[in-house]
1. If I take every Cα pair under 8 Å that is 6 or more residues apart in region 95-196, average their sequence separation and divide by the length, what percent do I get for the relative contact order?
2. Can you tell me the FRET efficiency between LEU54 and THR111 if r is taken as the Cβ-Cβ distance and R0 is 22 Å, rounded to the nearest 0.05?
3. In region 179-240, which trypsin sites (Lys or Arg not before Pro) fall in coil by DSSP and have 12 or fewer other Cβ atoms within 10 Å?
4. Mind checking region 190-264 for GluC sites (Glu not before Pro) that DSSP puts in a loop (not H, G, I, E or B) and that have at most 11 other Cβ atoms within 10 Å?
5. For HIS330 and CYS422, compute 0.36 nm times the residue count separating them, minus their Cα-Cα distance, and round to one decimal in nm.
6. Within 10 Å of each candidate Cβ there may be at most 16 other Cβ atoms; applying that plus a DSSP loop requirement, which GluC sites (Glu not before Pro) in region 80-167 survive?
7. My understanding is that a pair violates if its Cα-Cα distance is over 26 Å; which of LYS122/LYS153; LYS377/LYS470; LYS166/LYS196; LYS76/LYS135; LYS478/LYS506 do that in this structure?
8. Which aspartates and glutamates have a Cα lying under 17 Å from the Cα of LYS219, excluding residues fewer than 8 positions away in the same chain?
Amino acid sequence: MLEKERDSQLSPSETPGTFMSGSSSSLQTVAPVQGYDVEFDPPLESKYECPICLMALRNAIQTPCGHRFCKNCIEKSIRDTGQRCPVDNEMLSEDQLFPDNFAKREILSLTVRCPNCGCSEKMELRQLDVRRHLKQCEFSTVLCSQCQQSIRKSHLEQHKTSECQKRLVSCPDCVEYFVFEERELHEECCPFANVKCQYCEMDLIRDQMESHCDTDCPKAPIACNFSAFGCKEKMQRHNLAQHMQEFTQMHMRYMAEFLRGLSLNGTTPKSLWMPGTSLSSEDQGASASVLASSGPRGAASCSSNCSPCQPSDVMVRLREMDGRLVKQDHQLRELIILNETQAGQLAELRRRVSVLEETVKDLEYQHCHGIFIWRLKGFSAHLRNQELGLPVVEHSPGFYTGRPGYRLCLRLHLQTPSAPRCSNYISLFVHTMQGLFDGQLTWPFQGTIRLAILDQGPEGQHHMEVMETKPDLQAFQKPTIQRNPKGFGYVTFLHLSQLHQKAFVKDDTLLIRCEVTPRFDNTFHREGPAVQPRGPEAPVSRD
């Protein structure tokens, strides 16, 4: 009896619950119906398996014919299908059943895995109850009270505060609370949300948008101030002043025709210009002078209940307006002439600045002492053109080997994928150019030229080649045009695939270094006074 009481205290079969498979985290408060639906390790032996529910025996019951069943399973079978054993069909009644305590103890001592997904804990079956592992398991799941999703208990707080679609959040602009899944709807109507003007793209809050477009936006479309008089033009607000200036004469004629019609009909409209529009003081004065005649008769002409104004008064006002139109037309022509003159002066200043910039660059290249670094920017665009099979040829600015010295330049050629024997290579050549000191130098040019594509990474493993000039080649003769069409260099200097192996291209810029060391030889003809060209003092070291 004591053994039976101890088993009942430790056994989950005596508690009002059953195990849920997979992700269930606790025992549900319903009467146990079937066996234990848990994973045994090692797997459950068939002798401990209920023939009815095919699960581990819960409250094992034995029959006189020697078969074992779950207590609830066999009792339900007897009541539903008749008083017979489900296995051998022998006659069986409930009072013939007796508990199999040995099998119960054996089953409760078997090792099982925690049914919670992700938990690797193992324990005896008797320990897998509400008061022990399942209650403390960090992988147990509960229903979120907001969205009713099954959430791991250890993640519940994080889910409620940052993941749940039903959580309440506060708008950072208007501080109003709303459900998170409705945030897009709120953002579309929040009065304090940041929006961009559809015309000028200025950042505003939504409540300011209407007034901004009506009064301030420089690119919002508006009607001409003289639309009430017949002008049908529409333009952006910042173009209104230019429109008013260019079409002043047309506007005055519109207004004159409008007022002439009024004088014939003897009526005036409720308003001569649209609400919210603004006229210049001169335009308002012109329109007012037409509407207002001198004395009481002039005032009477503006009333719809009085007699029309006299034609002679209207003609006087029209002549005044015509005079003003002629004056404004002359002023406009003078402004146009002034603007054209200033535009010409500005163009001349820009040309002079460009010439000065070129002169400064030329002076810099004269003092580079034969060491020139060519920064080829926007190199990715050249690579794209090369991949498309387009010819890519770039020439560097001219530079000097000294002062006085020879003037040279570099030529870079990206070979296309279809080029024979040199496809996808960088070709690099040196050209002689006409310089300021050509008459003082010895020709043909002789010396050592070091070409390098610089590695812009921390290791600095540059790709460099060294070549000696050949005096008998046309490339080193005194140039007769600005740049010698013949060059000397390498057709296969560097394969394009090697650019990505090191940091040859950084910030979309390729750096090419050229170091020239001229060599003076008295056996060749020299024009003018004998001057020894000065070259660089420190040669490039091979990496």
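The values are calculated or read from the model by the stated rules, or taken from the named source; none is laboratory data. This one's a predicted model, so the numbers in the text were calculated from it and none came from an experiment. A quick note on method: Cβ atoms are made from the backbone with ideal geometry, for glycine too, and the neighbour counts reach across all protein chains shown. The area values use the complete protein model at the heavy-atom level, side chains included, leaving out ligands, DNA and RNA. Shrake-Rupley method; radii C 1.70, N 1.55, O 1.52, S 1.80 Å.
1. Values: 106 pairs, mean separation 12.9, N = 102.
Averaging sequence separation for qualifying contacts and normalising by length gives 13 percent for region 95-196.
2. On the way: r = 20 Å, r/R0 = 0.91.
Using R0 = 22 Å, I get an efficiency of 0.65.
3. Numbers: sites: ARG183, LYS196, ARG206, LYS219, LYS232, LYS234, ARG237; in loops: LYS219, LYS232.
Listed in order of number, the matching sites are LYS232.
4. Numbers: sites: GLU201, GLU210, GLU233, GLU246, GLU257; in loops: GLU201, GLU233.
Listed in order of number, the matching sites are GLU201.
5. On the way: separation 92, 0.36 × 92 = 33.12 nm, distance 6.87 nm.
Stretched out fully, the HIS330 to CYS422 stretch lengthens by 26.2 nm.
6. Working: sites: GLU90, GLU94, GLU106, GLU121, GLU124, GLU138, GLU157, GLU163; in loops: GLU90, GLU121, GLU138.
The qualifying sites are GLU90, GLU121, GLU138.
7. On the way: LYS122/LYS153 20 Å; LYS377/LYS470 32 Å; LYS166/LYS196 30 Å; LYS76/LYS135 31 Å; LYS478/LYS506 37 Å.
With Cα atoms farther than 26 Å apart: LYS377/LYS470; LYS166/LYS196; LYS76/LYS135; LYS478/LYS506.
8. Qualifying aspartates and glutamates at Cα under 17 Å: GLU201, ASP203, GLU210, GLU233.
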